[in-house]
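S.K.: Okay, handing you the structure first.
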């Protein structure tokens, strides 16, 4: 039986995002992505993550997979929290494995590629849509704002 509080439990988050419990726990303890629905409050309580939290976690996973350092990812996530609303429409993250770039239009992406620098791109709305498909019953209704965006 699903709890009435909206949110995603740790096992489901790990499965959908493709990360281990240890990664998720470390990221929560170091404030990279803390659960915005409910944090653990001692023995017997469980963290509950919002859909926006899952989007950030999936972006972090993809950036790590390309070789970007966690320190640089932390700075990128801080930027996203300040500049992205509830649905990251049209924004694409680009990385060459070292640096992370944000592009708001296709022209910016084309310009980067014409300069001859190979980049890796993460379209935030594509991550949003992928997670919406993986969690169809809760996704947009549980979305809210990306963690911290409203308070920045």
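The values are calculated or read from the model by the stated rules, or taken from the named source; none is laboratory data. Keep in mind that this is a model prediction, so the values were computed, not measured. Here the Cβ is made from the backbone with ideal geometry for all residues, glycine too, and neighbour counts use every protein chain on show.
S.K.: So, of the residues in segment 91-132 that are assigned to a loop (DSSP other than H, G, I, E, B) and more than 18 Å from residue 62 (Cα to Cα), which turns out to be modelled with the highest pLDDT?
M.R.: If we filter segment 91-132 for residues that are assigned to a loop (DSSP other than H, G, I, E, B), which is where we start, we get 91, 96-99, 104-105, 115-119.
If we keep only those that are more than 18 Å from residue 62 (Cα to Cα) too, we end up with 104-105, 115-117.
Working: 104: 71, 105: 67, 115: 50, 116: 45, 117: 53.
The residue in question is 104.
S.K.: Another question about this same structure. Please find, among 88, 6, the residue that is more than 20 Å from residue 123 (Cα to Cα), surrounded by 13 or more Cβ atoms within 10 Å (Cβ to Cβ), touching a helix residue (DSSP H, G or I) at 6+ places or on another chain (Cβ under 8 Å) and modelled with pLDDT under 90. Walk me through it before giving the result.
M.R.: Numbers: 88 fails: more than 20 Å from residue 123 (Cα to Cα).
After applying the criteria, what remains is 6.
S.K.: Now for a separate question. Of the conditions (1) closer than 24 Å to residue 97 by Cα; (2) not in a helix (DSSP H, G or I), residue 59 clears all except one; give me its number.
M.R.: Among (1) closer than 24 Å to residue 97 by Cα; (2) not in a helix (DSSP H, G or I), the lone unmet condition for residue 59 is (2).
S.K.: Find all pairs meeting these conditions: Cβ atoms under 6 angstrom apart; at least six residues apart or on different chains; first residue within segment 47-68 and free of Cβ contacts under 8 Å to residues at least 60 places away in the same chain; second residue surrounded by fewer than 22 Cβ atoms within 10 Å (Cβ to Cβ) and assigned to a strand (DSSP E or B).
M.R.: Here the result reads 48/38; 66/95; 66/120; 68/95, each pair linking segment 47-68 to a residue that is surrounded by fewer than 22 Cβ atoms within 10 Å (Cβ to Cβ) and assigned to a strand (DSSP E or B).
S.K.: For residue 33, indicate whether it is in contact (Cβ under 8 Å) with a residue 60 or more places away in the chain and over 19 Å from residue 134 (Cα atoms). Outline the logic, then answer.
M.R.: On the way: in contact (Cβ under 8 Å) with a residue 60 or more places away in the chain: yes; over 19 Å from residue 134 (Cα atoms): yes.
Considered against the rule, which asks whether it is in contact (Cβ under 8 Å) with a residue 60 or more places away in the chain and over 19 Å from residue 134 (Cα atoms), residue 33 comes out as yes.
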